[in-house]
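A short write-up of the structure that comes next.
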Amino acid sequence: MKLHFLERWERDQKELVEKLELFLDHIRSGKISRSDHLVRQKHDEVFAEIDCLDCANCCKTTPALVTGPDVKRIAKYLKIPPRIFKKRYLLEDLNGELSFRQVPCVFLEEDNKCSIYEVRPESCRDYPHTDTGSFRKRARLHQANLSVCPAAFEIVKRLHQ
Ligand code: SF4
Ligand code: SF4
């Protein structure tokens, strides 16, 4: 019987997470390489097979980063001043970076849909960051995402094979 992608992730994590972490260490150090073109191919392949609405683990567990343009766009959509949006929903770290103050995200609905989908932060749009930028430069981020995102896990697994 074919396992649901969340069940497969659960099963594979126990067996493979250490191997994949090591693989990503080697990607980072340049000992092993995978072209960004191949990474995009695996990204498209995996996302064609899964439905994020069955998961939403990123929205449930990881506070998304929010940029200045995100603040303006979302505040406008919610018809509140950016200052109020920031005060109500965001935290600022010591470097001045903003992120949502609460997980699960306050905009996540019961059916795993995002109530501000059209105007969601860029970091939500780009997550898990496997179809933009350099795979090698983001190897540490991908390591962290192995335990958050079944899609990122599956992409790295297929690149490792
Ligand atoms: S954690 Fe990954 S698979 Fe799950 S909803 Fe987020 S992007 Fe999709
Ligand atoms: S804004 Fe939407 S996509 Fe981003 S974390 Fe919240 S619910 Fe998820």
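The values are calculated or read from the model by the stated rules, or taken from the named source; none is laboratory data. None of these values were measured; they are calculated from a predicted model. Cβ atoms come from the backbone with ideal geometry, glycine included; neighbour counts cover every protein chain shown. Just so you know, the surface numbers come from the protein's heavy atoms only, side chains and all, with ligands and any DNA or RNA stripped out. Shrake-Rupley method; radii C 1.70, N 1.55, O 1.52, S 1.80 Å.
What the table below lists for this structure:
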{"item": "Near pairs, Cβ below 8 angstrom, 6+ apart or cross-chain, from the stretch 105-129 (over 24 Å from Asp36 (Cβ atoms) and outside any helix (DSSP H, G or I)) to any residue that is within 8 Å of ligand 2 (Cβ to nearest atom) and polar (S, T, N, Q)", "result": "Phe107/Ser115; Leu108/Ser115; Glu109/Ser115"}
{"item": "All positions within the stretch 70-104 that are in contact with a strand residue (DSSP E or B) (Cβ under 7 Å, 6 or more places away or on another chain) and outside any helix (DSSP H, G or I)", "result": "Leu90, Leu91, Glu92, Glu97, Leu98, Ser99, Phe100, Arg101"}
{"item": "Scope the stretch 17-44; condition within 16 Å of Leu141 (Cβ to Cβ) and outside any helix (DSSP H, G or I); matching residues", "result": "Arg34"}
{"item": "Residues located in the stretch 114-125, provided they are away from ligand 1 (no atom under 11 Å from the Cβ) and of a type in the set (Lys, Arg)", "result": "Arg120"}
{"item": "Residue within the stretch 70-93 that is open to solvent by 60 Å² or more (accessible area, probe 1.4 Å), in contact with a Pro (Cβ under 7 Å, 6 or more places away or on another chain) and not β-branched (Val, Ile, Thr) present", "result": "yes"}
{"item": "Total residues in the stretch 45-69, condition of a type in the set (A, V, I, L, M), in contact (Cβ under 8 Å) with a residue 40 or more places away in the chain and outside any loop (DSSP other than H, G, I, E, B)", "result": "4"}
{"item": "Looking only at the stretch 94-104, and only at residues there that are open to solvent by less than 70 Å² (accessible area, probe 1.4 Å) and closer than 19 Å to Gly68 by Cβ, the one that is farthest from ligand 1 (Cβ to nearest atom)", "result": "Gly96"}
{"item": "Some residue of the stretch 106-122 being within 25 Å of His26 (Cβ to Cβ) and open to solvent by 30 Å² or more (accessible area, probe 1.4 Å)", "result": "no"}
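Yes/no matrix, rows are residues, columns are (1) among the charged types (D, E, K, R); (2) more than 24 Å from Gly133 (Cβ to Cβ); (3) open to solvent by less than 60 Å² (accessible area, probe 1.4 Å):
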| residue | (1), (2), (3) |
| --- | --- |
| Lys2 | yes, yes, no |
| Trp9 | no, no, yes |
| Gln13 | no, yes, yes |
| Val17 | no, no, yes |
| Asp25 | yes, no, yes |
| Lys31 | yes, no, no |
| Arg34 | yes, no, no |
| His37 | no, no, no |
| Arg40 | yes, no, no |
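Rundown of residues vs (1) within 16 Å of ligand 1 (Cβ to nearest atom); (2) polar (S, T, N, Q); (3) under 18 Å from Tyr127 (Cα atoms); (4) within 20 Å of the chain's Cα centre (by Cα), yes/no style:
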residue: Lys31; (1), (2), (3), (4): no, no, no, no
residue: Cys58; (1), (2), (3), (4): yes, no, yes, yes
residue: Leu65; (1), (2), (3), (4): yes, no, yes, yes
residue: Pro69; (1), (2), (3), (4): no, no, yes, yes
